[in-house]
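S.K.: Before we start, here is the structure in question, set down as structure tokens.
The values are calculated or read from the model by the stated rules, or taken from the named source; none is laboratory data. Here the structure is a predicted model, which is why all the values come from computation and not from measurement. Here the Cβ positions follow ideal geometry from the backbone for every residue, glycine too, while neighbour counts run over all protein chains shown. We work out accessible area using only protein heavy atoms, side chains counted, and drop any ligands, DNA or RNA first. Shrake-Rupley method; radii C 1.70, N 1.55, O 1.52, S 1.80 Å.
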Amino acid sequence: METGKMFIGGEWVASSSGETREVINPYDASVICHVAEGTAEDAEHAIAAAKKAFYEDGWGDTPAYERAALLRSFADEMEANVEKLAKAETLNTGKALIESEYDVYDSANILRYYAGIVTQPTGQTYDLNDPAVHAMTVREPLGVCALIVAWNFPISLAIWKLAPALAAGNAIILKPSEITPLSAILMTEMMEKVGFPKGVVNLVMGAGVTVGNALASSLDVDKVAFTGGIVTGRKIMCAASSNVKGISLELGGKSPNIIFADADFDTAVDYGLYGMFYNQGEVCSAGSRILVEDAIYDRYLEKLIEGAKKIKIGNGFEEGVKMGPVISKQHMEKVLKYIEIGKEEGATVALGGYRMTEPEYEKGYFIAPTIFTDTTPEMRIVQEEIFGPVVVIQKFHGEEEAIQLANNTTYGLAAGIFTSDNAKALRVVKKIRAGITWINTYGPVYPEAPWGGYKQSGIGRELGTYGLDDYTEVKQININTNVCPTGWFE
Ligand code: NAD
């Protein structure tokens with residue numbers, strides 16, 4: 001792996017400052033390797049290379065079939081190297097290896113999905129009130145797209161962006177999170193190998209305030225696609241105003257998982273755990289507020305605690321482990337701080353609530369699965385995204401209160417509803433202000449279906465045809481078949 005270098009204009013290059021950054025394994029805080037720490041100047045070089053590839057070297061005019069073939073080859077390459085990629089992901093994030101493997105296969109499917117739809121019919125034609133004019137639309141790539149992503153799913157988040165961006169014919173600059181660059185380096189090597197032309201794919205690593213900001217504020221970037229926190233999202237919106245570039249923002253959430261008394265009980269408990277503790281709770285769509293109907297509240301809580309106690313926590317490489325450490329020391333401290341805030345606010349810690357310090361965990365950033373009860377809607381632990389293995393339980397009575405509580409945050413990313421009454425499920429889902437909803441399931445992501453949030457969970461949609469549309473411009477073409485002067489000024 002070219003760990004000391006970035007990929008700009010088809011070459012692996014060191015940072016212009018010569019600086020590197022340590023990459024840490026969150027399982028035991030050891031240093032895995034050092035990677036190039038890019039600068040704003042490196043970002044400028046990558047933008048220039050992408051611009052050249054798109055405007056001068058013809059990538060923007062490449063037939064869709066050629067782009068699709070490259071995406072398919074890349075998908076094959078990912079699958080052929082599943083072990084290598086998944087191991088790098090688990091080493092860098094601490095997540096269970098089985099999750100990393102799943103992300104590789106899922107990403108290959110997304111690449112193939114976009115390879116498929118990009119050759120499908122597109123555009124519209126119009127029956128105008130002027131029969132002499134033939135009007136139609138075509139979709140064209142935007143140009144240069146900067147893709148800035150978070151650390152929680154480094155492979156998937158990058159692929160969700162680069163697959164539609166490249167399928168649509170854009171040139172890209174990928175900026176992974178500075179703390180999880182390893183899988184991005186491997187994927188870039190694969191894209192180089194399968195033959196994406198020089199400058200079409202660029203990789204710049206480094207801090208958000210330097211590299212990220214240079215990309216978001218550049219006058220030569222046509223779109224910035226971002227996944228990360230709300231505070232950064234606001235900064236990106238401001239930076240993007242420099243040239244009124246396109247933006248898509250996939251931000252955080254505080255998603256409700258609503259459990260009605262008539263739900264299939266065991267399924268609802270299982271998805272309460274899965275929706276919350278998958279990937280240590282470091283999931284933007286985590287069901288981090290479980291709303292339980294009063295009639296089953298005590299029984300549900302008891303089973304949830306019982307289930308959470310059984311989660312196998314440890315080294316992501318160990319067979320059977322389903323929960324690893326949180327991503328970094330800094331993030332662990334943030335999550336622990338929220339646990340303290342919850343206690344100070346008067347909520348009850350029904351389970352966990354501490355850093356795990358037994359010999360197996362002492363070097364890493366492990367937090368015990370934590371369940372808060374006796375919460376009130378205005379508490380910070382109920383309103384703010386914690387992004388770790390901490391869930392708050394809210395009790396409700398009846399549909400109306402469930403809807404009211406569910407919508408009572410500034411976020412609107414996802415929601416789950418568990419009930420055996422289909423009519424009720426549909427009534428409730430229609431009142432929920434969230435972009436992704438699940439009935440009697442929680443968490444699955446489908447390449448075909450759009451992903452994105454209402455309210456402060458973001459702008460735009462990824463995946464599906466909506467995801468491809470977001471990487472294109474729409475051009476109106478009008479053809480006059482009655483070629484003669486207007487005579488307007490005569
Ligand atoms: P973050 O906002 O700190 O960082 C995300 C990326 O932005 C990183 O690459 C970082 O270097 C870069 N960045 C930071 N400051 C920047 C700036 N001023 N200008 C440009 N780029 C900058 O987020 P994080 O801590 O890495 O990730 C956690 C957040 O991501 C959570 O809030 C989570 O909900 C969100 N997330 C959302 C989704 C979704 O699909 N909605 C998916 C995953 C994660």
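S.K.: Just to verify a result, which residue in the stretch 211-233, among those that are farther than 12 Å from residue 148 by Cα and near the ligand (Cβ under 9 Å from one of its atoms), is most open to solvent (accessible area, probe 1.4 Å)?
M.R.: Only one residue fits best here, namely 231.
S.K.: Now, a different point. Give me the pairs, please: first residue somewhere in the stretch 472-490 and modelled with pLDDT of 95 or more, second residue anywhere and not in a strand (DSSP E or B), beta-carbon distance under 7 Å, and either six or more positions apart or on two chains.
M.R.: Cβ pairs passing all conditions: 472/142; 472/168; 473/142; 480/132; 481/132; 482/132.
S.K.: Which numbered condition in (1) touching a helix residue (DSSP H, G or I) at 6+ places or on another chain (Cβ under 8 Å); (2) more than 12 Å from the ligand (Cβ to nearest atom); (3) open to solvent by 10 Å² or more (accessible area, probe 1.4 Å) is the only one that residue 200 fails?
M.R.: (3)
S.K.: Another question, if that's okay. Of the residues that make up the stretch 306-316, is at least one open to solvent by less than 10 Å² (accessible area, probe 1.4 Å), away from the ligand (no atom under 16 Å from the Cβ) and within 26 Å of residue 435 (Cβ to Cβ)?
M.R.: no
S.K.: Looking at 113, 55, 102, 65, which one is open to solvent by 10 Å² or more (accessible area, probe 1.4 Å), aromatic (Phe, Trp, Tyr) and without any contact (Cβ under 8 Å) to a residue 12 or more places away in the chain?
M.R.: 102
S.K.: Moving on to the next point. Of everything in the stretch 234-272 that's open to solvent by less than 40 Å² (accessible area, probe 1.4 Å) and β-branched (Val, Ile, Thr), which residue is farthest from the ligand (Cβ to nearest atom)?
M.R.: 269
S.K.: A further question on this structure: Can you confirm whether residue 275 is within 16 Å of the ligand (Cβ to nearest atom), buried (at least 23 other Cβ atoms within 10 Å of the Cβ) and touching a residue at least 40 places away in the same chain (Cβ under 8 Å)?
M.R.: yes
S.K.: Looking at 474, 429, 392, which is the one that is over 28 Å from residue 339 (Cβ atoms) and open to solvent by less than 60 Å² (accessible area, probe 1.4 Å)?
M.R.: 429
S.K.: Here's another thing I want to ask about it. Which is in contact with a strand residue (DSSP E or B) (Cβ under 6 Å, 6 or more places away or on another chain), surrounded by 20 or more Cβ atoms within 10 Å (Cβ to Cβ) and not in a loop (DSSP other than H, G, I, E, B), of 146, 135, 108?
M.R.: Only one candidate qualifies: 146.
S.K.: What single numbered condition from (1) open to solvent by less than 80 Å² (accessible area, probe 1.4 Å); (2) assigned to a strand (DSSP E or B); (3) among the hydrophobic types (A, V, I, L, M, F, W, C) fails to hold for residue 445?
M.R.: Here residue 445 clears every test but (2).
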